[in-house]
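The values are calculated or read from the model by the stated rules, or taken from the named source; none is laboratory data. From a predicted model like this one, the values you see are computed outputs, not experimental measurements. Reconstructed Cβ throughout: ideal geometry from the backbone, glycine too, with neighbour counts over all protein chains shown. Side chains included, ligands, DNA and RNA excluded: accessible areas come from the protein's heavy atoms. Shrake-Rupley method; radii C 1.70, N 1.55, O 1.52, S 1.80 Å.
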Amino acid sequence: MQPFDVAIVGGGPAGSSCAAFCAAAGLRTLVLDREKFPREKVCGDCLNPSCWPVLERLGLAEKLRDLPHSKLGSVAFIAIDGREVSFDLPTGTDCEISVKRSLFDELLLKRARELGANVQEQATVTGLSRDGDWKIETASGDFFQARILIGADGRNSTVAHLCNLLPRPARERVALQAHIALPRDFGNRIVLQFLPEGYSGQAPVNENQLNLCLVGTPPTISKLRRWAQHEFELPTDQTWRTITPLTRSPVPSAHENLFFIGDAAYVVEPFTGEGIYYALRSGELAANAVAKLLRGEHGKSVLNEFRRAYAQVYCGRLWINRLARAAVLRPQLGSFFIHIARINPSILKLLTAKIVVPG
Ligand SMILES: Cc1cc2nc3c(=O)[nH]c(=O)nc-3n(C[C@H](O)[C@H](O)[C@H](O)COP(=O)(O)OP(=O)(O)OC[C@H]3O[C@@H](n4cnc5c(N)ncnc54)[C@H](O)[C@@H]3O)c2cc1C
């Protein structure tokens, strides 16, 4: 069998975006994902406005607006004692929206397929070897060959693990997520709520459902679940999706004929809701680099250019994410910021504006 030009492991936002751009550039593109789409995913479902330009380049902005979604008009921060401060978000067509990942991810993967990518669902990658080309093995015993391999398989990347590049997991936090009935009068806002045991993120995803996320540590997560059950009057048998770790050390993004993108490369604190943007954009950058390598451009220069462009994506944003992480790791400290912001809102307002800056 003729090898694919590029094989992408993972069909989330990073993998699908990369596959769509690779296929559009005329590359023989393979996507392998262990799931059958549409599938839900532990996520706050919020799309940062910076996503819009990438979605335009993918030809998806209008199609996304046609999906059930909510336009988010404000963000409310709630301290442990219940005191609250709220800021308006940018308005207009390219505003912050929330959309269920089952819908969003399927739209992206479908686009990759339309542009010519060969998408294999329920194909769990279990083995890798390299002898010139990459040889990729799946759990069902299928083999695929590709010249370039992309790890887009999320925070617990199998590709990074099989290449001995996955950092050891730290003693970590855990997240729970569910779509629940939208409480009456919730409004079109994001709520970021500090709790003694962690935090909760809430956002309406359509006219009748709320995305509810809880983030805590393994010993405290059951307390958070009880809080949510009481707060939102959930049934005792409410089902939750779960994910861990919440953050980890990065995996270097560029190697010879091997790239890591999205969460597989860099997991950011979810509090600021930017992971999908990083996934989409890193997918686009990797596709550019792959096309150049396959055209025979000088390998080292292409990799260096990719690394610079990749660093640029995070540049000027990451310090806010680190600040958010410091606040959420000590919810009392986060609550203290909210009290200060109630007296003088300008700093928190500025930080919020920096995160939801339209692309
Ligand atoms: C609690 C929480 C809330 C969040 N809220 C937001 C938010 O509101 N907004 C935002 O922008 N970001 C948010 N994020 C971050 C966001 O979810 C991620 O950054 C984003 O999903 C990364 O996309 P990705 O394509 O890199 O990885 P993923 O979305 O994780 O996709 C990876 C894909 O790889 C597949 N895969 C994994 N292993 C294999 C394998 N061995 N073989 C084949 N396929 C495999 C998986 O099935 C999956 O489809 C949140 C994260 C958490 C944990």
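Brief remarks follow.
- Only a single item in (1) surrounded by fewer than 16 Cβ atoms within 10 Å (Cβ to Cβ); (2) part of a helix (DSSP H, G or I) is not met by residue 327, and it is number (1).
- Count - residues of segment 61-104 that are modelled with pLDDT of 95 or more, loosely packed, with under 15 Cβ neighbours inside 10 Å and in contact with a Ser or Thr (Cβ under 7 Å, 6 or more places away or on another chain): 0
- Residue count, segment 123-153 (criterion: surrounded by fewer than 19 Cβ atoms within 10 Å (Cβ to Cβ) and either within 9 Å of the ligand (Cβ to nearest atom) or hydrophobic (A, V, I, L, M, F, W, C) (or both)): 5
- In this structure, residue 202 does not qualify as over 10 Å from residue 175 (Cα atoms), open to solvent by 40 Å² or more (accessible area, probe 1.4 Å), without any contact (Cβ under 8 Å) to a residue 40 or more places away in the chain and not hydrophobic (A, V, I, L, M, F, W, C).
- Some residue of segment 345-359 being of a type in the set (A, V, I, L, M), assigned to a helix (DSSP H, G or I) and at pLDDT 85 or above: no
- Of the helices (runs of 4 or more DSSP H) that lie entirely inside segment 214-315, those containing 1 or more residues that are open to solvent by 50 Å² or more (accessible area, probe 1.4 Å) and either more than 21 Å from residue 21 (Cβ to Cβ) or at pLDDT below 95 (or both) span 221-231, 299-314.
- Residue in segment 8-23 that is open to solvent by 60 Å² or more (accessible area, probe 1.4 Å) and either in contact with a Cys (Cβ under 8 Å, 6 or more places away or on another chain) or of a type in the set (A, V, I, L, M, F, W, C) (or both) present: no
- Just one of the numbered conditions (1) away from the ligand (no atom under 13 Å from the Cβ); (2) of a type in the set (A, V, I, L, M, F, W, C); (3) in contact with a helix residue (DSSP H, G or I) (Cβ under 6 Å, 6 or more places away or on another chain) is not true of residue 27: (3).
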